[in-house]
Amino acid sequence: MAAAASSFLNSGLAVTIASLVQARAAAQVAAELGQSILLLSTPAAAAQAGGGWFAALIETLHSQGKNSVIGILDCGSQPGWVLESLTLPLHGVVFSESRAPSGAVVGERLRGLVTNAGRLYFTERPMAINLIDFQDEEATVAFLRREWHHG
């Protein structure tokens, strides 16, 4: 995971996804570019769809040989979701410290737990292309090719 995270931090390829179709399309284009990609769940997805669903999506991609995918679960301002994410095969979390009660204190402790587990910890959502409205895999691939080859 550390090598993939380093590659992402250098490349900056990141997308917000809400479906396997979107995730597969993004992983395909990133692979064409020879880069890792950060797949970011929708905002506060841990509270909506649950971390298990997002982890299953990432595991599905890995089982299909798309190992350059880095799955980041947005836990909103809920520390409990961050803790649950540590039981899941994910690469990191977004925790909105500024909106959480006792955010800085709680955030410091959570950051320690998450990073000691070898995972990425974000206090704000990384900049990412939003793919939430895309439903067709081919159209998503074409869009990302244009964005990343000319962006």
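The values are calculated or read from the model by the stated rules, or taken from the named source; none is laboratory data. Bear in mind that the values here come from a model prediction, so they are computed numbers and not experimental data. Every residue, glycine as well, gets a Cβ built from its backbone with ideal geometry; the counts of neighbours run over all protein chains shown.
Inspect all residues belonging to segment 121-143 and state whether any of them is under 15 Å from residue 81 (Cα atoms), touching a strand residue (DSSP E or B) at 6+ places or on another chain (Cβ under 9 Å) and not polar (S, T, N, Q). There is at least one residue in segment 121-143 that is under 15 Å from residue 81 (Cα atoms), touching a strand residue (DSSP E or B) at 6+ places or on another chain (Cβ under 9 Å) and not polar (S, T, N, Q). Against the conditions (1) in contact with a Leu (Cβ under 9 Å, 6 or more places away or on another chain); (2) within 21 Å of residue 20 (Cβ to Cβ), residue 62 satisfies every one except (1). A single entry from 114, 94 fulfils the requirement of being under 14 Å from residue 40 (Cβ atoms), in contact with a Phe, Trp or Tyr (Cβ under 7 Å, 6 or more places away or on another chain) and buried (at least 17 other Cβ atoms within 10 Å of the Cβ): 94. The sole residue among 97, 32, 108 that is touching a Gly at 6+ places or on another chain (Cβ under 8 Å) and not hydrophobic (A, V, I, L, M, F, W, C) is 97. Please go through segment 19-36 and give me each residue that is modelled with pLDDT under 95 and either over 19 Å from residue 140 (Cβ atoms) or outside any helix (DSSP H, G or I) (or both), ordered by number. Listed by number, the residues that qualify are 33, 34, 35, 36. Under the condition of being β-branched (Val, Ile, Thr) and assigned to a loop (DSSP other than H, G, I, E, B), the residues counted in segment 120-138 number 2. Filtering segment 44-71 to residues that are over 22 Å from residue 118 (Cβ atoms) and touching a strand residue (DSSP E or B) at 6+ places or on another chain (Cβ under 8 Å) leaves only 44.
Could you tell me whether segment 78-86 includes any residue that is buried (at least 20 other Cβ atoms within 10 Å of the Cβ), hydroxyl-bearing (Ser, Thr, Tyr) and not in a loop (DSSP other than H, G, I, E, B)? Looking for residues that are buried (at least 20 other Cβ atoms within 10 Å of the Cβ), hydroxyl-bearing (Ser, Thr, Tyr) and not in a loop (DSSP other than H, G, I, E, B), one finds at least one in segment 78-86, hence yes.
Within segment 89-97, can one find any residue that is assigned to a helix (DSSP H, G or I) and modelled with pLDDT under 90? Looking through segment 89-97, at least one residue is assigned to a helix (DSSP H, G or I) and modelled with pLDDT under 90. Within segment 123-134, the set of residues being touching an Asp or Glu at 6+ places or on another chain (Cβ under 9 Å) and modelled with pLDDT of 95 or more comprises just one member, 129.
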